[in-house]
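To keep things clear, I will list the structure first and then write my remarks on it.
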Amino acid sequence: MNATTRCGLWRMRGRTLAVVVDTEGRCQRIAPPPDDDSGYWDWLSCLGAQHGLDVELALTESMARSDSLLHLAQHSNIPVWLIPDKLADAIRYVAFAHQRGHSVAALLARLPDAGSWRPHLRQVSNADPRQMLLL
């Protein structure tokens, strides 16, 4: 079981897939975030309203670098788990052997609760917005 509800995000073929894993371990596909900043704000607000204010995000480092979603989540006080790209690619390779892209997003959401993998992840919390985040 998860200590918190977490949303895993996975970019595949130019689109983003989103899966929420709740505290009981149940997965739910949700509408993905749009590709613009104003849409991100609305999406983050809906995520918190539908899945609780303690929801966290889990996404790859490359997605965090190429999107403003990480910074907007920080401003919304939503913790974000960053997953190294090589680890996410390995998960994708194993998951695609049997499943589809939503399974990768669900696995990314569950990864911070897997104790042996946690040292390889980085949690970005509500840092001072005046400081620059280096990935």
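The values are calculated or read from the model by the stated rules, or taken from the named source; none is laboratory data. In this text the structure is predicted, and so the values were computed from the model without any measurement. Every residue, glycine among them, receives a Cβ derived from its backbone with ideal geometry; neighbour counts consider all protein chains shown. Ligands, DNA and RNA are excluded from the accessible area calculation, which covers all protein heavy atoms including side chains. Shrake-Rupley method; radii C 1.70, N 1.55, O 1.52, S 1.80 Å.
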Tally up the residues in the range 4-28 that are surrounded by 14 or more Cβ atoms within 10 Å (Cβ to Cβ) and either in contact with a His (Cβ under 8 Å, 6 or more places away or on another chain) or in a strand (DSSP E or B) (or both), please. 17
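So, LEU47, is that one assigned to a strand (DSSP E or B) and closer than 16 Å to PRO79 by Cβ or not?
Criteria not met by LEU47.
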Return yes or no: is ALA105 of a type in the set (A, V, I, L, M, F, W, C), in a helix (DSSP H, G or I), open to solvent by 30 Å² or more (accessible area, probe 1.4 Å) and at pLDDT 80 or above? no
Residue list for the range 29-41, restricted to those being modelled with pLDDT of 90 or more and either surrounded by 12 or more Cβ atoms within 10 Å (Cβ to Cβ) or in contact with a strand residue (DSSP E or B) (Cβ under 6 Å, 6 or more places away or on another chain) (or both): ARG29, ILE30
Check on ASP89, without any contact (Cβ under 8 Å) to a residue 40 or more places away in the chain, open to solvent by 30 Å² or more (accessible area, probe 1.4 Å) and out of contact with any Lys or Arg (no Cβ under 6 Å at 6 or more places or on another chain): yes
Residue, modelled with the lowest pLDDT, within the range 49-59, restricted to residues that are on the phi < 0 side of the Ramachandran plot and open to solvent by 10 Å² or more (accessible area, probe 1.4 Å): LEU53
Return yes or no: is ARG65 out of contact with any Pro (no Cβ under 9 Å at 6 or more places or on another chain), basic (Lys, Arg) and more than 25 Å from ALA3 (Cβ to Cβ)? yes
Looking only at the range 63-84, which residues are part of a loop (DSSP other than H, G, I, E, B) and either under 10 Å from the mean Cα position of the chain (by Cα) or over 12 Å from GLN123 (Cα atoms) (or both)? ASP67, SER68, SER76, ASN77, PRO79
So GLN74 fits all but one of (1) farther than 17 Å from ALA3 by Cα; (2) open to solvent by 70 Å² or more (accessible area, probe 1.4 Å); what number is the exception? (2)
